[in-house]
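Novice: Below you'll find the structure I mean.
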Amino acid sequence: LILNGHMDAIKEREASEGFDKATQDLEMLTNKAFHQAMGLSYDKDNFAATVSPARSGALGIIGNSYIYDPDSGAKYRDSEQAKQVLCDFYSVDTSKFANLDDAVASITGYNPELAKEYFKQAFAEGIEAGYITDADNDGKCDQMIEIEYAMSSDMTEFMRKTLGYLNEKVAEVATGTPFEGKILFVPSAPYGNDWSNKIREGQSDTVLGGWSGS
């Protein structure tokens, strides 16, 4: 799940007519802890099975065919370093497993307890940075964070399921955190072939990422 981190574009959008910074925010999308919380809110294989059973979950954006040693054909994802990176990102305690392969095999991408801690950290950092506010000191974000999904065409059944799953699961995980009820994935207008440019330029906020045929 790719999330917008293009601060210049976000500031431009927030400065546009009709954007109310008292009730809306996009700047939190640039916060690392917020990204980590979102990343840990979804069981990747369950996500894939729910929205499109022909697909499968992916842990890390680098595909299975990246080679780091052309002479031997050794693949990056088979390296100890790559396996350790996955374990580190998903906070897997490798000491509890016989080897890194077993540790990586245990990863689902879903860790709601840790995600909640990252949401709390992101809230504190967002307040300090001035991205968001808590005017009534109730410990909750005042702003709604609407994450625009870049659509190439009108709504399809796959996209309806995808947006439904994204919203359902993040709502569950964010419960009891400062972002409870404050994160919403919304569809963009149909961008046609321009959808990928919208993502690259930070004018839209998210799409599913993957690699065709690995």
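The values are calculated or read from the model by the stated rules, or taken from the named source; none is laboratory data. Keep in mind that this is a model prediction, so the values were computed, not measured. Methodologically, a virtual Cβ is constructed for each residue, glycine included, from the backbone with ideal geometry; neighbour enumeration extends over all protein chains shown. Just the protein is used for accessible areas: all its heavy atoms, side chains included, with ligands, DNA and RNA removed. Shrake-Rupley method; radii C 1.70, N 1.55, O 1.52, S 1.80 Å.
Novice: How big, in percent, is the set of alpha carbon pairs in region 76-119 lying more than 14 Å apart? Numbers along the way, then the final one.
Specialist: Details: 441 of 946 pairs.
Percentage above 14 Å: 47.
Novice: Dividing the Cα convex hull volume of the chain by residue count, how many Å³ per residue is that?
Specialist: Details: hull volume 31.3 nm³, N = 214.
Cα-based convex hull of the chain, divided per residue, equals 146 Å³.
Novice: Also, I was wondering about something else. In terms of solvent-accessible area of protein heavy atoms at a 1.4 angstrom probe, what is the ranking of Trp211, Trp195, highest value first?
Specialist: Values: Trp211 70, Trp195 95 Å².
Listed by decreasing accessible area, they come as Trp195, Trp211.
Novice: Counting DSSP beta bridges in the chain, what percent are antiparallel, to the nearest 5? If you can, show how the numbers build up before the last one.
Specialist: On the way: 5 of 13 bridges.
Taking every DSSP beta bridge within the chain, about 40 percent pair in antiparallel fashion.
Novice: Distance in nm between label sites at Glu172 and Asp154, each 7 Å beyond Cα in the beta-carbon direction?
Specialist: For the pair Glu172/Asp154, the computed spacing is 3.2 nm.
Novice: Can you run the Rg to Rh ratio on region 147-214? Use alpha carbon positions and the Kirkwood inverse-distance Rh.
Specialist: Working: Rg = 13.3 Å, Rh = 13.1 Å.
Computed over Cα atoms, the ratio is 1.02.
Novice: Toward the positive end of the charge dipole of region 56-106, about the Cα centre and with charges on Cβ (Lys, Arg +1; Asp, Glu -1), which of Gly60, Ala74, Ala98 goes farthest?
Specialist: Towards the positive end, the residue furthest out is Gly60.
Novice: Something else now. With a 1.4 Å probe and all protein chains left in place, how much accessible area per residue does region 38-89 have, in Å²? Present the calculation step by step, with values, prior to reporting the outcome.
Specialist: Working: 3120 Å² over 52 residues.
Accessible area per residue, region 38-89: 60 Å².
Novice: For region 12-80, compute the orientation-averaged projected area of the C-alpha convex hull (one quarter of its surface), in nm².
Specialist: Working: hull surface 33.9 nm².
If I average the Cα hull's projected area over directions, I get 8.5 nm².
Novice: Rounded to the nearest 0.05, what FRET efficiency do Glu125 and Asn193 have when you use their Cβ-Cβ distance and R0 = 35 Å? All intermediate terms of the calculation are to be shown ahead of the outcome.
Specialist: Values: r = 37 Å, r/R0 = 1.05.
Efficiency, rounded to the nearest 0.05: 0.45.
Novice: Could you work out how far the C-alpha centroid of region 73-129 sits from that of region 7-49, in angstrom?
Specialist: Cα centres, region 73-129 to region 7-49: 21 Å.
Novice: Exactly which chymotrypsin sites (Phe, Trp or Tyr not before Pro) in region 88-144 are in a DSSP loop and have at most 16 other Cβ atoms within 10 Å?
Specialist: Numbers: sites: Phe89, Tyr90, Phe97, Tyr110, Tyr118, Phe119, Phe123, Tyr131; in loops: Tyr90, Phe97, Tyr131.
Those that pass, being in a loop and sparsely packed, are Phe97.
Novice: Quick one: order Tyr66, Tyr165, Tyr191 from most to least accessible surface, probe 1.4 Å.
Specialist: The most accessible residue leads, giving Tyr66, Tyr191, Tyr165.
Novice: Run the helix sum for the chain: -39,500 (n - 2.57) per DSSP H stretch of 4+ residues, divided by residue count, reported at 222 nm to the nearest 500 deg cm²/dmol. Present the calculation step by step, with values, prior to reporting the outcome.
Specialist: Working: 8 runs with 82 residues, N = 214.
So the calculated ellipticity at 222 nm is -11500 deg cm²/dmol.
Novice: Ignoring ligands, DNA and RNA, what percent of the accessible area of region 27-113 is carbon or sulfur (1.4 Å)? Kindly include the intermediate steps, with their values, before the conclusion.
Specialist: Numbers: 2450 of 4880 Å².
C and S atoms contribute 50 percent here.
Novice: With +1 on the Cβ of every Lys and Arg and -1 on the Cβ of every Asp and Glu, and nothing else charged, how large is the dipole of region 125-214 about its Cα centre, in debye rounded to the nearest 20? Please list the in-between numbers first.
Specialist: On the way: 7 positive and 16 negative charges, 95 e Å.
Once rounded to the nearest 20, the dipole reads 460 debye.
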